[in-house]
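The values are calculated or read from the model by the stated rules, or taken from the named source; none is laboratory data. The model shown is predicted, which means the values in this text are computed figures rather than measured ones. Positions of Cβ are backbone-derived with ideal geometry, glycine not excepted, and every protein chain shown enters the neighbour counts.
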Amino acid sequence: MLYIVPTPIGNLQDITLRALETLKSADVVLCEDTRRTQILLSHFGISKPTARYNENDPHSITRCVELLKNGKTAALVSDCGTPCISDPGWRLVKQAVAAGIKVSSLPGPSAVACALAGAGITGGAFTFLGFLPRKPGKAAKLIANAYALSVPVVLYESPYRVIKMLELIAKTLGEDTPLIVARELSKVYEEWLRGRVKELIQQFRTRSKMQGEFVLIIDRPAAEAEKEDEPNPYF
C-alpha cells in the first residue's frame, strides 16, 4: 500500500490529522530529503524508518516498488506540500499502479491552491505550469500558450530566479500584464504583492535579499476579468 501524504508548506500546524495517523501507521516513510522529513516526524513525536526516494534514479524507484510488493505500507512525502505536484513522486506512483499496488492520495497543503484562494481573481479555470524549464525560449513558449487560453496562469519560482522570470513574463506578454505574487505562504513573513509586472520588477530590484519560494499568478487584463464577474446564466 502506498499513501501520498501532503506535508505543511511552512506552518507545521497545517498538517492534517489523517496525515499524522498515516505517518504513524506506515512501515516506512519515503522522503525527498530524509533530514527535512526527520525534523517533521520528530516535531510530532513520530519514530519511523525513513528512506530517500530519488525521482531521477531508476534503482531508487525499483527499490521502493519492491518494498511495496513485499507487503510494506509506505508513506510518500516531499519536502513540503503535496508529492507529485511540482515535487517528486509521480514516477513511483505510476510504477506502483502498473504493479497492481493500491495507492491512496491524501488531501492536504498545496501552494497553488493556497495562492489561488487568496488571490481573489477567479473561482473557475486556471492553468498551472509549476516550475518552468530553465531555457528562456521554452519557458516563454509555455507562458504564451497558457495565457492564450484566457485563464489565469500559475507558476512557481525560486528567490534566485524570480526577477529573471518576471522579466521574461514582461517580454513575452507585455510590461502592463497584471500579476499577483505570493511569497512564504503560511509562514510568519507571508507576503502578497499585486500590480503590473513592470512595477513588481522595479520593486524587487530594490531589495537586497530575496527569500522564500514564490507563487506567480499571471492575471488577465481588467476587461477580460470583468466578463468573469458577470452572472452565470446556468445558476
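Considering only residues that are more than 19 Å from the chain's Cα centre (by Cα) and surrounded by 14 or more Cβ atoms within 10 Å (Cβ to Cβ), which ones fall in the stretch 35-58? If the condition is that a residue be more than 19 Å from the chain's Cα centre (by Cα) and surrounded by 14 or more Cβ atoms within 10 Å (Cβ to Cβ), then Gln38, Leu41, Ile46, Lys48, Thr50, Ala51, Arg52 are the ones that fit. Taking the numbered list (1) touching a helix residue (DSSP H, G or I) at 6+ places or on another chain (Cβ under 7 Å); (2) without any contact (Cβ under 8 Å) to a residue 12 or more places away in the chain; (3) among the β-branched types (Val, Ile, Thr) in turn, Ile39 passes all entries but (1).
The numbered conditions (1) at pLDDT 95 or above; (2) more than 26 Å from Gly124 (Cα to Cα); (3) in a loop (DSSP other than H, G, I, E, B) are all true for Ser208 except (1).
Scanning the stretch 102-116 for residues that are of a type in the set (Val, Ile, Thr) and over 19 Å from Asn54 (Cα atoms) yields a count of 1.
Counting only residues that are in contact (Cβ under 8 Å) with a residue 60 or more places away in the chain and of a type in the set (Ser, Thr, Tyr), which one in the stretch 148-182 is surrounded by the fewest Cβ atoms within 10 Å (Cβ to Cβ)? Looking at the filtered set, the residue picked out is Ser150.
If only residues of the stretch 76-105 that are under 23 Å from Lys24 (Cα atoms) and of a type in the set (D, E, K, R) are counted, the one that is surrounded by the most Cβ atoms within 10 Å (Cβ to Cβ) is Asp87.
Output yes when any residue across the stretch 200-212 is within 17 Å of the chain's Cα centre (by Cα) and touching a residue at least 24 places away in the same chain (Cβ under 8 Å), and no when none is. Among the residues of the stretch 200-212, at least one is within 17 Å of the chain's Cα centre (by Cα) and touching a residue at least 24 places away in the same chain (Cβ under 8 Å), which makes the answer yes.
Could you tell me whether the stretch 86-109 includes any residue that is among the aromatic types (Phe, Trp, Tyr) and closer than 26 Å to Lys187 by Cβ? No, every residue in the stretch 86-109 fails to be among the aromatic types (Phe, Trp, Tyr) and closer than 26 Å to Lys187 by Cβ. Among the conditions (1) closer than 21 Å to Ile201 by Cβ; (2) under 15 Å from the mean Cα position of the chain (by Cα); (3) modelled with pLDDT under 95, Ile121 misses just one, which is (2). Within the stretch 79-101, residues that are over 21 Å from Thr37 (Cβ atoms) reach partners that are part of a helix (DSSP H, G or I) and not aliphatic (A, V, I, L, M) with beta carbons closer than 8 Å, at six or more positions or on different chains, in the pairs Ala99/Lys69; Ile101/Lys69.
Looking across the stretch 106-117, just one residue is surrounded by 15 or more Cβ atoms within 10 Å (Cβ to Cβ), out of contact with any strand residue (DSSP E or B) (no Cβ under 7 Å at 6 or more places or on another chain) and not in a helix (DSSP H, G or I), and that is Gly108. Restricted to the stretch 1-34, and to residues there that are of a type in the set (Gly, Ala, Ser) and over 18 Å from the mean Cα position of the chain (by Cα), the residue that is nearest to Ser78 (Cα to Cα) is Ala26. Contact map, the stretch 183-196: residues that are in the same structural domain as Ile169 (by TED's automatic domain parsing) paired with residues that are loosely packed, with under 15 Cβ neighbours inside 10 Å and of a type in the set (D, E, K, R), Cβ distance under 8 Å, separation 6+ or inter-chain. Pairs shown: Arg183/Glu191; Glu184/Glu191; Arg196/Glu175; Arg196/Asp176. Mind checking which residues of the stretch 137-162 are under 22 Å from Gly212 (Cα atoms) and in a helix (DSSP H, G or I)? Scanning the stretch 137-162 gives Ala139, Val162. Among the residues of the stretch 80-105, those identified as within 15 Å of the chain's Cα centre (by Cα) and part of a loop (DSSP other than H, G, I, E, B) are Cys80, Thr82, Pro83, Cys84, Ile85, Ser86, Asp87, Pro88, Gly89.
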